[in-house]
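A quick write-up on the structure given underneath.
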């Protein structure tokens, strides 16, 4: 797994939002996002990122400690060392105090038209 | 000015200088008083009977952190997706290990089903398969909905671009001629989903699971779509470095031998997550 330089999430919240700080979990360490924009309340868009500069063995978005958080769309921009920056977009998912959603995807396998 | 100096001298007494820390403590009468109250107690009773220690009330205890489950959200974007077009577009995507290459086409090849061609002879009567097997390097062919996957005899050749372009040219010519890509008798003779499900479950129960149980593994049938089989590898198989080998050598062969109408076989296991993957 290449070294993760930085990443950024853009989260469109659906019907149920959260007031809690939005955190991610990297290698089992829960960390709040930085460079925040917007909010995670219902119908709003949240943006946050983090300069990691380390190897990510697992990367998840953590659910709120209380209540639910309905995510309509989740875009992750990943910047890895030695790899072209790439984006991954996930569909609807609902988080709560029992779960966290995987936001890591390996760099895309190259394709070519034939 | 002189009167102020006199007042200050009087305040600090004849010594003139006062320990500022003492002043600070005096400014906190509650703390100073409590210390004074405690000290005489110990002096009068040098060996006090220790008071029984009662556990803090439950609500004061820090809650035990809950182990969260890692879930997967559906992937929306895919770099391999083809745009809509009147032209026949073919996009090749070699696997990271280089052992196979997936070709996606913006045309249906075998809607709702999949089919595995194990060799040149099995391609007879299916125009798409026949033209692909004219390339001597092709070992096997798997057709599924709008894509097909090729493996080659030479497992050490990881360069796909030149060969994939040759495949693309012949496949495009065949599709431009029109007509079905695969022979129609495949669909006509195919048993129903329930029959395939029953037969596959039987192979899992009687052959596959007893085999992987020695390694603490377990295979679960998660779904059948048409003749496409989805499985999950659990227990010791999840995250195991040999899971891919077990799937391609053991499970594929067992399924295809017992249920010849099985098409694609997909492993839905997330080998990197869970509480105790073998390698994560």
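The values are calculated or read from the model by the stated rules, or taken from the named source; none is laboratory data. These figures come from a predicted structure and were not determined experimentally. Don't worry about glycine lacking a Cβ; one is built from the backbone with ideal geometry, like all the others, and counts go over all protein chains shown.
Given the options B:133, B:117, B:148, name the one that is under 16 Å from residue B:261 (Cβ atoms) and at pLDDT 95 or above. Before you say what the answer is, go through the steps one by one.
Details: B:133 fails: under 16 Å from residue B:261 (Cβ atoms); B:148 fails: under 16 Å from residue B:261 (Cβ atoms).
Being under 16 Å from residue B:261 (Cβ atoms) and at pLDDT 95 or above holds for just one of B:133, B:117, B:148, which is B:117.
Test of understanding: among B:184, B:161, B:177, which residue is more than 14 Å from residue B:114 (Cα to Cα), away from chain A (no Cβ under 12 Å) and out of contact with any helix residue (DSSP H, G or I) (no Cβ under 7 Å at 6 or more places or on another chain)?
Values: B:184 fails: more than 14 Å from residue B:114 (Cα to Cα); B:161 fails: away from chain A (no Cβ under 12 Å).
Checking each option against the conditions leaves just B:177.
Would you pick out the residues in region B:78-103 that are at the interface with another protein chain (Cβ under 8 Å from one of its Cβ atoms) and either modelled with pLDDT of 65 or more or assigned to a strand (DSSP E or B) (or both)?
Step one: of region B:78-103, the residues at the interface with another protein chain (Cβ under 8 Å from one of its Cβ atoms) are B:79-80, B:89-96, B:103.
Result: B:89, B:90, B:91, B:92, B:93, B:94, B:95, B:96, B:103.
Here's the yes/no breakdown for (1) within 30 Å of residue B:102 (Cα to Cα); (2) over 14 Å from the mean Cα position of the chain (by Cα):
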{"position": "A:24", "(1), (2)": "no, no"}
{"position": "A:54", "(1), (2)": "no, yes"}
{"position": "A:59", "(1), (2)": "yes, no"}
{"position": "A:108", "(1), (2)": "yes, yes"}
| Any strands (runs of 3 or more DSSP E) falling wholly within region A:52-113 and containing at least 3 residues that are touching a strand residue (DSSP E or B) at 6+ places or on another chain (Cβ under 9 Å) and more than 9 Å from chain B (Cβ to nearest Cβ) | A:69-80
| request: Of the numbered conditions (1) touching a residue at least 12 places away in the same chain (Cβ under 8 Å); (2) closer than 18 Å to residue A:113 by Cα, residue B:96 fails exactly one; give the number of that condition. | output: (1)
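Kindly check whether there is at least one residue in region B:115-129 that is outside any strand (DSSP E or B), within 18 Å of residue B:173 (Cβ to Cβ), within 14 Å of another protein chain (Cβ to nearest Cβ) and in contact with a strand residue (DSSP E or B) (Cβ under 9 Å, 6 or more places away or on another chain).
So in region B:115-129, the residues outside any strand (DSSP E or B) come out as B:118-129.
Subsequent filtering for residues that are within 18 Å of residue B:173 (Cβ to Cβ) retains B:123, B:126-129.
Among the residues that remain, those that are also within 14 Å of another protein chain (Cβ to nearest Cβ) are: none.
The answer is no; no qualifying residue exists.
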| remark: Those helices (runs of 4 or more DSSP H) completely within region B:130-241 that have 3 or more residues that are crowded, with 19+ Cβ neighbours inside 10 Å are B:161-176, B:193-203
| query | Of B:208, B:138, which residue is at pLDDT below 95 and in contact with a strand residue (DSSP E or B) (Cβ under 6 Å, 6 or more places away or on another chain)? | reply | B:208
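Can you pull out every residue in region B:252-268 that is touching a helix residue (DSSP H, G or I) at 6+ places or on another chain (Cβ under 7 Å) and modelled with pLDDT under 90? Give the steps one after another, and end with the answer.
Here is the first cut: in region B:252-268, the residues touching a helix residue (DSSP H, G or I) at 6+ places or on another chain (Cβ under 7 Å) are B:254-255, B:258-259, B:261-262, B:265, B:267.
The answer is B:267, and nothing else.
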| query | Out of all the residues in region B:48-70, is one or more modelled with pLDDT of 80 or more, out of contact with any helix residue (DSSP H, G or I) (no Cβ under 7 Å at 6 or more places or on another chain) and part of a strand (DSSP E or B)? | reply | yes
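Tell me, yes or no, whether region A:26-47 has at least one residue that is assigned to a strand (DSSP E or B), surrounded by 14 or more Cβ atoms within 10 Å (Cβ to Cβ) and touching a residue at least 40 places away in the same chain (Cβ under 8 Å).
no
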